[in-house]
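Below: one structure, written as structure tokens.
Any read-out appearing in this document is the output of simple, stated calculations on the displayed coordinates, not a laboratory observation. This is a predicted model, so every value here is computed, not measured. Because the Cβ atoms are built from the backbone with ideal geometry, glycine has one as well, and the counts that use them run over all protein chains shown.
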Amino acid sequence: MKTNLIYPLLIVIASSSYGILSTIVKVAMQHGFTTSEAVSSQYIIGFMLVGTIFIVTQRQLPKLTKNGLLILVSAGIFTGITGIVYGESLKYLPASLAVVMLFQFTWIGLLLDCIFHKRLPSRPEVISIFVLFAGTILAAGVLNVDLSGIAIQGWLFGLAAAFTFACFIQFNSRPVEGITTTSRVLIVSFVALIMISIFLNPEIAWNGKLFTEGLWKFGLALGLFGIILPIYLFSIAVPKVGGALASILSAIELPVAVTVSVIVLHESLTLLQIVGIILVILGMLLPTMLANRKITAP
């Protein structure tokens, strides 16, 4: 495999793991747990897993510059806030529409990357965004959703989740010197845990619900696919490909979320949703395909 394809592939794997989370949360809810309890368990157990890896492999935090620490703390803050505001959006929006709102992070991430690097978006990026947007609408099944009567809070929380997730990707695209991937994930997950503890349900760690009522099983899965795998891979790959391409590639989360919900929760899948999934995958691959074509052209 060409080296220039490895890092985009890592981002696809990381984003795919995020796509599994919504189904795990729904299964946890079927077992009597709330959304906030499931999300809290994700960050608590996720941090415990990262901490264990850190103790086994390193045991000593690196010395960071103020700029490096700011990058990591910011990434952790936006990670935690995304979980909080996306959960809030689900209180007001149908799940399909909440997903569509979250996926506005694709064009927001591209816009932020252009602002930070003082550049205009390339033609492949613009084409990709339009294809992704069309695919997202179809794949989420939002055409069958009645939009009348939806509270403004839902739209605002959904857009806020898209913005904070785009910010998380942007901060992860910035390299930090003198720090290992494990140390980076440890700091980011710790800051995210603090944010979650302020706004959600940290008491599950000491009231017995996490470890005696079985919530830890869902927290383990959520921590693995929502903390360990994606943040590790994002930390490795996003600095290599940049925030713009990372935002586009992250769109794979939607097809994975739809597919897993069909397999595990036996949700229906229409022909339009299948067309949407194909469009999302096409829009996600366009920038990389065109870039490789330009490189190999005589």
### Query
Taking the C-alpha atoms of the stretch 1-92, how large are the radius of gyration and the largest Cα-Cα span, Dmax, in Å?
16.7, 47
#### Entry: Computed Rg/Rh of the stretch 170-298, alpha carbon atoms with Kirkwood Rh
1.06
### Query
Around S247, with a cut-off of 10 angstrom between Cβ atoms, what is the net charge of the other residues, counting Lys and Arg +1 and Asp and Glu -1?
-2
### Query
So, counting K/R as plus one and D/E as minus one, what does the shell of residues with Cβ under 13 Å around F218 add up to?
+1
### Query
What number of lysine-lysine pairs in the stretch 16-296 show an alpha-carbon separation below 20 angstrom, given a sequence spacing of 8 or more or placement on distinct chains?
6
### Query
Using the Cβ atoms and a cut-off under 15 Å, what net charge is assigned to the surroundings of L69, where Lys and Arg are +1 and Asp and Glu are -1?
+3
### Spin-label model distance (nm) - I274 vs F116, 7 Å beyond Cα toward Cβ
3.9 nm
### Message
I'd like the per residue volume of the convex hull spanned by the Cα atoms of the chain, given in cubic angstrom.
### Response
148 Å³
### Query
To the nearest 0.05, how large is the calculated FRET efficiency for I263 and T181 if R₀ is 41 Å and r is the Cβ-Cβ distance?
0.85
### Query
Between the stretch 19-49 and the stretch 57-126, how many Å separate their Cα centres?
20 Å
